[in-house]
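These notes concern the structure reproduced below.
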Amino acid sequence: MGKFENGSRVLVTGGAGFIGSHLVDEYLARGCSVTAVDNYCTGSPKNLASHPGLTVVEADVSEGLPLPEEPYDLVLHFACPASPVDFETLPVEILKVDSAGTFHALDRAKRDGARFLMASTSEVYGDPQVHPQPEEYWGNVNPNGPRSCYDEAKRFSEAATFTYRRQGLDAAIVRIFNTYGPRNRPDDGRVIPNFINKALAGEPLPIYGTGEQTRSICYIDDLVSGITALAESGEAGPVNLGSVYELTVKDIADTIVRLTGSQSEVEYHPAREDDPERRRPDLAKARELLGYEPQISYEAGLKSTIDYFRQLAATP
Ligand code: NAD
Ligand code: UDP
């Protein structure tokens, strides 16, 4: 039996968000009692189905965690706006949730003697000069550019997490590479939800820069299996999780136009400042420590996400 199954108590900060809500579902399916805490700044209560094992707490994690006293076995700290569009509209909120918010989550895990997982990101590598990116690479981050509110806050959260670990907390870091799937917000601004929704509406797909920049795109189910494996493992990480595919943004646009059967064309716009040129995870550590191997092809993942957005558009 796994460590976090029937009867275990799991806390998910950012539980009403894209990744958080899939983690909530996964641990409910394993028979856990789950608390999702969220202030809905980028998530939605609609992502959480009613379930007898689920407690939902509306709160700002940066201000504190007003939670039931009963101890948690596992704390998953996933609250944080994560789209480059949010870096413009919610920069202070991002800095706070990945500093003060991280301390609140760490302190709760410490109080409870819980396992703790921090959602870090490939953004800690900045615009990487090493390719693909192994966990040992320290990155190439502009400390005060437009993405720094996110990149540096996540680097701070990593430092805080490993500081608590050195003081005895059973803590781990997962570095997540671009992940997509059902429950992405249509107006989230990230490349896949944006391109799918433009394609479904028959509008042009905006490409920032040349479209030759790359991303590895990971389907949510693969990410969830990697995160649960890391939680079970007792490993500290940091561990990269993501996909084996590396596609140019132009490839992503063409594939989405083809899979939606859309007549949309692409439209070129100026590049985003500090936009990373190439990004792909070195997955050797995830394979070795967690037996991680992504299973979903990018076409299958995109088709399922397109179906989700089609249904969403048809729902009044
Ligand atoms: P998301 O925006 O869908 O989810 C974030 C959730 O956190 C939302 O429900 C939001 O309302 C909530 N939240 C934000 N600030 C909060 C606060 N102060 N108090 C309470 N709730 C708050 O984004 P996501 O893609 O699901 O990302 C989840 C986590 O994974 C984030 O920490 C993000 O940095 C990390 N991550 C995601 C990706 C990705 O590709 N999706 C990549 C790397 C890292
Ligand atoms: N991008 C784009 N058009 C969009 C959204 C994103 O060309 O509508 C590009 C963006 O410039 C970047 C890549 O797609 O090079 C991935 O962007 P996203 O916002 O999804 O996440 P990032 O990996 O930059 O955090």
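The values are calculated or read from the model by the stated rules, or taken from the named source; none is laboratory data. Small disclaimer: the values here were computed from a predicted structure and weren't measured. Every residue, glycine among them, receives a Cβ derived from its backbone with ideal geometry; neighbour counts consider all protein chains shown.
Data overview
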| read-out | value |
| --- | --- |
| Criterion (at positive phi and among the acidic types (Asp, Glu)) met by exactly one of 307, 282, 274 | 274 |
| Unique match (being closer than 23 Å to residue 9 by Cα, of a type outside the set (Lys, Arg) and touching a Gly at 6+ places or on another chain (Cβ under 7 Å)) among 33, 50, 44, 83 | 33 |
| Qualifying residue in the stretch 215-226 (condition: away from ligand 2 (no atom under 12 Å from the Cβ) and more than 27 Å from residue 313 (Cβ to Cβ)) | yes |
| The listed residue being at pLDDT 95 or above, within 15 Å of ligand 2 (Cβ to nearest atom) and not acidic (Asp, Glu), out of 124, 97, 75 | 124 |
| Any pair with Cβ under 6 angstrom, 6 or more apart, that starts in the stretch 179-205 at a residue that is more than 14 Å from residue 253 (Cα to Cα) and in a loop (DSSP other than H, G, I, E, B) and ends at one that is more than 12 Å from ligand 2 (Cβ to nearest atom) and among the aliphatic types (A, V, I, L, M) | 181/220 |
| Extreme residue, nearest to residue 206 (Cα to Cα), among residues of the stretch 258-271 that are aliphatic (A, V, I, L, M) and within 13 Å of ligand 2 (Cβ to nearest atom) | 266 |
| Helices (runs of 4 or more DSSP H) fully within the stretch 65-155 counting 1 or more residues that are touching a residue at least 24 places away in the same chain (Cβ under 8 Å), more than 28 Å from residue 247 (Cβ to Cβ) and in contact with a Pro (Cβ under 9 Å, 6 or more places away or on another chain) | 91-97, 100-112 |
| Residue satisfying all of: in the stretch 15-67; away from ligand 1 (no atom under 11 Å from the Cβ), more than 15 Å from residue 105 (Cβ to Cβ) and of a type in the set (S, T, N, Q); surrounded by the most Cβ atoms within 10 Å (Cβ to Cβ) among these | 33 |
| Qualifying positions in the stretch 167-178 - within 14 Å of ligand 2 (Cβ to nearest atom) and in a loop (DSSP other than H, G, I, E, B) | 177, 178 |
| Matching residues, the stretch 78-91, being in contact with a Cys (Cβ under 7 Å, 6 or more places away or on another chain) and more than 13 Å from ligand 2 (Cβ to nearest atom) | 90, 91 |
| Failed item in (1) under 25 Å from residue 168 (Cβ atoms); (2) at pLDDT 95 or above, with residue 68 passing the rest | (2) |
